[in-house]
Amino acid sequence: MQTAAALGIELPKPVHGHQPSTFLERGVVVPYTTPHLAGARVRPGERAGLELIVPNLSGGRGVYVLPLDGILALCSPTLHDRALNTRIAGLRSVSPSAIRLAAREIAAEGLAGAAVAGSAAATLAAEQQQGLLAHLELVLELLRQVEPRGADWAPPDQKDPEQIGRRARAVLAALSPQTGRSGEVMMAVLEELAILYRAVGVGRQTPLARLSVLIGMVDGLRQEMQLFHRASGASGSAEAEIIAVTAGLTLRSARATLHDARATLANLPALLNRWLAEPAAVGRLVSRPEWLLDGWERICLLWRAADERIDRKLTLSEMVALVPTIPREAAGWVAGSIEMADDLLRHRRKVVLGEDWRTGVTVTDLVERNERLRAMSPGGPA
């Protein structure tokens, strides 16, 4: 693989003490398959365009910050990564959901292999199903909250879509004076909210929602890291401890923000009015748990995919290098988040940096492994 030195390109000096104060400043993890780009994040540039934040290639402290098209200054990316970079460059905004969609579209083209392409297709079908279920649950919840409870009132029959639709249209028409929109427009608004909330979970769809599944993965990893740390004996495992501690801190915030997002569904008429008045504010509230959990799926999958060719201790070194910091912005989301950031910094000092976890593993092996990780994702390539 060609490096910057081989290409005669001088890299920018690593930025030390990189502690982003906001999630947008931290950026969004991009699922590159090129080993040297592991853990790279994209964010809006200070002046214009997008920029990459890439962990120090030497394994030492600090990160590289460079324009998105500066990816060629670091390595020779895979065909998949070149296409993904081009797709990301055309995005209007950066968010975990936007990057995930771009990654899935590139994966569907088969540039990361047939398994990843198949996973992308399955994910698309699953997300469409989740959207339909979330929409049904929203409509049923609206009827439960708003329909007049006369003597002849009965719960809507879920097996009768025509009945549900008729009753929903009547309820939305009755709300028209409050919303200032027709019943037909409000039915379309419910569909928009179903897309927004399907990852968060609505009613009985909640256990199947993507963020519910991801929280389960991170919690499972946290428990495994605790067991690994205790089983390591006197020598201990600073890496496993850092992962366990930070996963716990992240889970606390993610669950709290997920609860806040789901709480907005308790008053659907109010949510409908707020969505009409300030959709961006609702979107920001609902996206908070996704920002908090960004980057953790890959860490979980690395542990699942660990094999005999890569010693688990080395895998832990790779995992801990990817553990996201928790920006101080979270203090406005969940009480105690500032202490979380300080706690993470304190635990990070226990790890001796500079060791190369890639020792003994070829680039080809790592690219193939990274493609397997993308195919393994419960939510599809991301």
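Using the basic label-point model (7 angstrom from Cα toward the beta carbon), what is the ILE195 to ARG47 distance in nanometres?
It is 3.5 nm.
Calculate the FRET efficiency for ARG149 and ALA89 from the Cβ-Cβ distance with a Förster distance of 56 Å, rounded to the nearest 0.05.
Numbers: r = 54 Å, r/R0 = 0.96.
The computed FRET efficiency comes out at 0.55.
Test of understanding: what is the full-extension gain from LYS159 to ALA188, defined as 0.36 nm times their sequence separation minus their Cα-Cα distance?
8.3 nm
Enter the mean projected area of the convex hull around the alpha-carbon atoms of segment 23-376, in nm², rounded to one decimal.
So the Cα hull casts an average projection of 20.4 nm².
Please order GLU318, GLU224, GLU368 by the number of other Cβ within 10 Å, starting at the fewest. The partial results should precede the final answer.
Details: GLU318 23, GLU224 17, GLU368 13.
Going from least to most buried by this count: GLU368, GLU224, GLU318.
In a shell of Cβ-Cβ distance under 13 Å around ALA83, excluding ALA83 itself, what net charge do Lys and Arg (+1) and Asp and Glu (-1) give?
Net of charged neighbours comes to 0.
List the equivalent ellipsoid semi-axes of segment 243-322 in whole Å, largest first, each obtained as the square root of 5λ for an eigenvalue λ of the Cα gyration tensor.
They are 37, 11, 9 Å, listed largest first.
Taking 30 Å as R0, compute the FRET efficiency from the Cβ-Cβ separation of LEU132 and ARG304 and round it to 0.05. Walk me through the numbers on the way to the answer.
Details: r = 30 Å, r/R0 = 0.98.
Efficiency computed from Cβ-Cβ geometry: 0.50.
Where does segment 40-161 land on Rg/Rh, using Cα atoms and the Kirkwood Rh?
That ratio equals 1.23.
Highest mean first, what order results for 75-88, 29-42 on Cβ atoms within 10 Å? Can you show the working numbers first?
Details: 75-88: 19.4, 29-42: 22.6.
Order by mean packing, descending: 29-42, 75-88.
Full-extension gain between GLU141 and ARG312, please, as 0.36 nm times their residue separation minus the C-alpha to C-alpha distance.
The span from GLU141 to ARG312 would gain 56.9 nm if fully extended.
What FRET efficiency, computed as 1/(1 + (r/R0)^6) with R0 = 35 Å and r the Cβ-Cβ distance, is obtained for LEU124 and GLU368, rounded to the nearest 0.05?
0.90
Read-outs: derived from the displayed coordinates by stated rules, not from any lab. Being a predicted model, the structure only gives us computed values, none of them experimental. Note that each Cβ is placed from the backbone with ideal geometry, even for glycine, and that neighbours are counted across all protein chains shown.
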